[in-house]
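Contents: one structure, followed by commentary.
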């Protein structure tokens, strides 16, 4: 009897394995693959962050070389400016490519986790990486979708919604500034900067009401920087450093900003969170 049972089990084992593979086993497999891809994505993001820091510092070397040339116009100083400018461009290009690689890997994770509670968090990570890669408006779409889904689920003040709101405020600033540097008309870039301004103002006022003075002060400073963006002459803007996490330019394939502008806070209860994640102060370089 034991022998018969053993052979019977051996005979049906492939069917059991197949059923497990396309049932619970498939979910476990996807989860394991997602975990592996997530580790890879986080490693790529860490590398991108390091390259972003290198690029950020490179721009100040360009500014320094430009100041020296203004003081003394010589062949040597012109050569130094050209070299530092090229080094800066290469550094930002490397950072952009690294962020895009991270975004692509996050997309794989999001696909594997489709329908799970973690998918929204990965979408936020992907949107943030896309923005920093230079696909600013593609990233804004992802971040806005993340926020919309949180609001529809009644989680407008969740940690994820807070993070999405903060990144949207920064992303719209980056986008508006890059559009201005591209020479686009005010009809194109101003609605983008207005969205950034609305987001920062709303968050600043809310955190002030919640007695979080340091965070409110950070938000207020970012709001003032958006106002500067709108009021400065384009020539003055180009001569200022970009924020640390901002791309230097938009990548080919980035969405067209005028077709789907971002949205600011709505008066129907879609409220941003309190900024407790600490990501709102965008960093030096503003």
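List of remarks:
- Each of the peptides 83-89, 182-188 was scored by the mean count of other Cβ atoms within 10 Å over its residues; in descending order, highest first, they stand as 83-89, 182-188.
- Quarter of Cα convex hull surface for the range 42-99, i.e. mean projection, nm²: 3.4
- Relative intensity, log₁₀ I(q)/I(0), of the range 77-223 from a Debye sum that treats every alpha carbon as a point, q = 0.15, 0.17, 0.18, 0.20 Å⁻¹: -0.87, -1.04, -1.11, -1.22
- When Rg and the Kirkwood Rh are both derived from Cα coordinates, the Rg/Rh ratio for the range 26-134 amounts to 1.25.
- Ranked by the mean number of other Cβ atoms within 10 Å per residue, highest first, peptides 211-219, 233-241 order as 211-219, 233-241.
- Counting 0.36 nm for each residue step from residue 60 to residue 32 and taking away their Cα separation leaves a gain of 5.8 nm.
- Fraction in percent of alpha-carbon pairs per bin - 5 Å, the range 173-227: 4, 23, 25, 18, 13, 9, 6, 2, 0
- You can think of it this way: the chain between residue 237 and residue 67 has 59.6 nm of extra reach, that is 0.36 nm per residue less the Cα-Cα gap.
Read-outs: derived from the displayed coordinates by stated rules, not from any lab. These numbers were taken from a predicted model, which means no experiment stands behind them. Positions of Cβ are backbone-derived with ideal geometry, glycine not excepted, and every protein chain shown enters the neighbour counts.
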